[in-house]
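Before any comments, here is the structure.
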Amino acid sequence: MPILHVYVTEGLLNTEQKGRLFEGLTQAVLRGEGAPDNPKTRSVTWVFLHELKKGGGRWAGWFPRRYVFWSKSTAARDVE
């Protein structure tokens, strides 16, 4: 199950942009995993958007002056 966390500065994206971001990242993750794009694979592909208030995060120890866009992904795998 791919899980993607995206962190942005609050106010960077409007509702339409968020929808395009979710859709584009879902498609990209499925393509990268070599999985078909269908309701079953989409149901286990999670994308979370975290909006940070200004000053709500630091980059290498300093506050960024501009908007921040950062992502982290993980994928659960079967372990034998």
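Every read-out reported here was derived from the displayed coordinates using simple, explicitly stated rules and does not represent laboratory data. From a predicted model like this one, the values you see are computed outputs, not experimental measurements. Cβ sites come from the backbone with ideal geometry, for glycine too, and all protein chains shown count toward neighbours.
Take the stretch 1-26 and flag every residue that is within 12 Å of the chain's Cα centre (by Cα) and farther than 22 Å from Gly56 by Cα.
First, pick out the residues of the stretch 1-26 that are within 12 Å of the chain's Cα centre (by Cα): 2-8, 18-26.
Hits for the stretch 1-26 are Pro2, Ile3, Gly19, Arg20, Phe22, Glu23, Gly24, Leu25, Thr26.
In the stretch 39-58, how many are in contact (Cβ under 8 Å) with a residue 24 or more places away in the chain, of a type outside the set (Val, Ile, Thr), loosely packed, with under 14 Cβ neighbours inside 10 Å and more than 17 Å from Arg20 (Cα to Cα)?
3
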